[in-house]
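Trainee: Mind having a look at this structure? Questions to follow.
The values are calculated or read from the model by the stated rules, or taken from the named source; none is laboratory data. Computed from a predicted structure; not experimentally measured. With ideal geometry, Cβ positions are generated from the backbone for all residues, glycine too; neighbour counts draw on all protein chains shown. For the accessible areas, the whole protein counts, side chains as well, though only heavy atoms, and no ligand, DNA or RNA atoms are used. Shrake-Rupley method; radii C 1.70, N 1.55, O 1.52, S 1.80 Å.
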Amino acid sequence: MVARTLTVVAVALGLAALAWADPRPVSPFQVTAFDGRQVSLDDLKGRPFVLMFLSTDCPTCQQATQRIGPVYRQLQSGGLQIVGLSLNRIDNAGLRDYAARFGASYPLALSSREEFSRITKISVMRPIYYPYVLFVDSAGMIQEEHQGSEEAWFANLESNFRAAVARLR
């Protein structure tokens with residue numbers, strides 16, 4: 001029982017360390033959303049933004065997309081931008097269907113695990129769990145990050161998302 005408790009505590013501390021990793025710059029990127037919108041780091045610098053790496057067939061990603069939609073619509077007027085980057089094999093028509101089905105009103109574009117590693121500076125060898133959400137400040141620095149394995153964070157997604165965005169200002 002004690003060993004199991006220590007394991008749970010170690011995992012929780014590890015996830016907490018991941019969520020509050022040392023700030024680091026997000027690498028430059030440029031993507032074309034399924035609807036033709038071009039989005040790049042240069043376009044987003046000067047204001048906070050969120051990058052959400054996802055897989056369109058991931059139930060946690062689908063729920064996160066659905067739950068973030070209304071929050072994003074409220075925060076968008078304050079300058080917040082979200083960019084969703086799909087890491088699974090899908091085409092623009094599939095992204096369009098995903099956006100319609102789960103209410104993503106922000107740009108969704110195709111990406112890859114290699115691009116994820118380049119943008120985030122996280123090794124391709126390190127396991128990640130979708131969705132992987134990066135909160136980037138107006139200077140282009142990753143200030144906070146969360147991944148799908150953080151059940152407690154995603155259980156309170158709306159309030160945690162708002163709080164993370166507020167810390168970017």
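Trainee: Pull out all pairs, ordered by first then second residue, where Cβ-Cβ is under 6 Å, the residues are six or more apart or on different chains, the first lies in segment 116-135 and is open to solvent by 30 Å² or more (accessible area, probe 1.4 Å), and the second is part of a loop (DSSP other than H, G, I, E, B) and not β-branched (Val, Ile, Thr).
Mentor: Cβ pairs passing all conditions: Arg118/Ser27; Tyr129/Gly148; Tyr129/Ser149; Tyr130/Ser55; Tyr130/Cys58; Tyr130/Gly148.
Trainee: Out of segment 91-135, which residues are within 23 Å of Trp153 (Cβ to Cβ), hydrophobic (A, V, I, L, M, F, W, C) and within 15 Å of the chain's Cα centre (by Cα)? Spell out how you get there, then give the answer.
Mentor: In the first step, residues of segment 91-135 are kept if they are within 23 Å of Trp153 (Cβ to Cβ); the result is 98, 102-106, 108, 111, 113, 116-117, 119-123, 126-135.
Checking which are hydrophobic (A, V, I, L, M, F, W, C) leaves us with 102, 104, 108, 116, 119, 122, 128, 133-135.
Residues satisfying the conditions are Ala104, Leu108, Phe116, Ile119, Ile122, Ile128, Val133, Leu134, Phe135.
Trainee: Still on this structure, please answer the following. Considering only segment 80-101, state which residues are of a type outside the set (Asp, Glu) and open to solvent by 20 Å² or more (accessible area, probe 1.4 Å). Don't jump to the end; show me each part of the working.
Mentor: Here is the first cut: in segment 80-101, the residues of a type outside the set (Asp, Glu) are 80-90, 92-96, 98-101.
Those that are of a type outside the set (Asp, Glu) and open to solvent by 20 Å² or more (accessible area, probe 1.4 Å): Gln81, Leu87, Asn88, Arg89, Ile90, Asn92, Ala93, Arg96, Ala100, Arg101.
Trainee: Ok, one more. For segment 136-169, name all the residues that are open to solvent by less than 70 Å² (accessible area, probe 1.4 Å), in a helix (DSSP H, G or I) and touching a helix residue (DSSP H, G or I) at 6+ places or on another chain (Cβ under 7 Å).
Mentor: Passing the criteria: Trp153, Phe154, Leu157, Glu158, Asn160, Phe161, Val165.
Trainee: With the requirement that a residue be under 13 Å from Gly140 (Cα atoms) and aliphatic (A, V, I, L, M), what does segment 25-79 give you?
Mentor: Val26, Leu41, Leu44, Val50, Leu51
Trainee: Taking segment 100-114, which residues are touching a residue at least 40 places away in the same chain (Cβ under 8 Å) and over 15 Å from Pro131 (Cα atoms)?
Mentor: Keep residues of segment 100-114 that are touching a residue at least 40 places away in the same chain (Cβ under 8 Å), which gives 102, 107-111.
Residue satisfying the conditions is Pro107 alone.
Trainee: Pairs please, first residue from segment 58-74 and over 15 Å from Glu151 (Cα atoms) and open to solvent by 10 Å² or more (accessible area, probe 1.4 Å), second anywhere and at pLDDT 95 or above and outside any helix (DSSP H, G or I), Cβ atoms under 7 Å, 6+ apart in sequence or on different chains.
Mentor: Gln66/Gly103
Trainee: Anything in segment 102-112 that is closer than 14 Å to Thr56 by Cα and open to solvent by 10 Å² or more (accessible area, probe 1.4 Å)? List them, or say none.
Mentor: Of everything in segment 102-112, those that are closer than 14 Å to Thr56 by Cα and open to solvent by 10 Å² or more (accessible area, probe 1.4 Å) turn out to be Phe102, Gly103, Ala104, Leu110, Ser111, Ser112.
Trainee: Tell me whether segment 145-155 contains one or more residues that are more than 19 Å from Val31 (Cα to Cα), within 14 Å of the chain's Cα centre (by Cα) and among the hydroxyl-bearing types (Ser, Thr, Tyr). Give the steps one after another, and end with the answer.
Mentor: If we filter segment 145-155 for residues that are more than 19 Å from Val31 (Cα to Cα), which is where we start, we get 145-155.
Still in the list and also within 14 Å of the chain's Cα centre (by Cα): 145-150, 153-154.
This time we only want the ones that are among the hydroxyl-bearing types (Ser, Thr, Tyr), so: 149.
For segment 145-155, residues more than 19 Å from Val31 (Cα to Cα), within 14 Å of the chain's Cα centre (by Cα) and among the hydroxyl-bearing types (Ser, Thr, Tyr): present.
Trainee: Test of understanding: among Gln66, Gln38, Gln30, which residue is under 25 Å from Leu157 (Cα atoms) and polar (S, T, N, Q)?
Mentor: Working: Gln38 fails: under 25 Å from Leu157 (Cα atoms); Gln30 fails: under 25 Å from Leu157 (Cα atoms).
Only one candidate passes the filter, namely Gln66.
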